[in-house]
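**Student:** For reference, the structure I am asking about is given below.
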């Protein structure tokens with residue numbers, strides 16, 4: 001193999017590995033956003049956090065990830081979801097930027 005084709009092959013392999021690593025990271029983040037509460041499983045999303053932040057009643061029924069109605073105490077679930085979301089997003093940001101450093105062509 002010539003020097004150019006060796007470099008191209010190495011770059012293609014690095015790009016593939018980066019894509020796989022990024023996809024794996026995204027899947028892990030999605031799993032870490034799941035919060036178990038009162039027999040239900042809830043995904044910590046900005047929409048759910050915003051909804052719980054503005055809802056005026058403290059006890060209500062929400063549909064969980066399995067489409068089951070679960071009685072929740074708004075402030076308790078809001079705290080759990082906010083903490084999970086913040087921790088997961090901080091970790092994702094850190095790990096994603098580590099992947100971006102690897103992406104640089106100079107590192108291949």
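**Student:** Exactly one condition in (1) surrounded by fewer than 13 Cβ atoms within 10 Å (Cβ to Cβ); (2) free of Cβ contacts under 8 Å to residues at least 24 places away in the same chain; (3) in contact with a helix residue (DSSP H, G or I) (Cβ under 8 Å, 6 or more places away or on another chain) is not met by residue 50; state its number.
**Tutor:** So the condition that residue 50 fails would be (3).
**Student:** Another question, then. Picking from 57, 88, which residue would you name as being out of contact with any strand residue (DSSP E or B) (no Cβ under 6 Å at 6 or more places or on another chain) and surrounded by fewer than 11 Cβ atoms within 10 Å (Cβ to Cβ)?
**Tutor:** On the way: 88 fails: surrounded by fewer than 11 Cβ atoms within 10 Å (Cβ to Cβ).
After applying the criteria, what remains is 57.
Table: residues versus (1) outside any helix (DSSP H, G or I); (2) modelled with pLDDT of 95 or more; (3) under 17 Å from residue 19 (Cα atoms).
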position	(1), (2), (3)
61	yes, yes, no
67	yes, yes, no
70	yes, yes, no
77	no, yes, no
80	no, yes, no
84	no, yes, no
91	no, no, no
96	no, no, yes
100	no, no, yes
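**Student:** Can you tell me how many residues within region 60-86 are in contact (Cβ under 8 Å) with a residue 40 or more places away in the chain and out of contact with any helix residue (DSSP H, G or I) (no Cβ under 7 Å at 6 or more places or on another chain)?
**Tutor:** In the first step, residues of region 60-86 are kept if they are in contact (Cβ under 8 Å) with a residue 40 or more places away in the chain; the result is 77, 80-81, 84-85.
Within this subset, residues satisfying the condition of being out of contact with any helix residue (DSSP H, G or I) (no Cβ under 7 Å at 6 or more places or on another chain) are 80, 84.
Number satisfying all stated conditions: 2.
**Student:** Let me ask you something else. Tell me the residue from 13, 27 that is modelled with pLDDT under 95, loosely packed, with under 12 Cβ neighbours inside 10 Å, within 16 Å of the chain's Cα centre (by Cα) and not in a loop (DSSP other than H, G, I, E, B), please. Walk me through it before giving the result.
**Tutor:** Details: 13 fails: within 16 Å of the chain's Cα centre (by Cα).
When all the criteria are applied, what remains is 27.
The values are calculated or read from the model by the stated rules, or taken from the named source; none is laboratory data. Not measured: the values here are computed from a predicted model. So basically every Cβ, Gly included, is an ideal-geometry build from the backbone, and we count neighbours across all protein chains shown.
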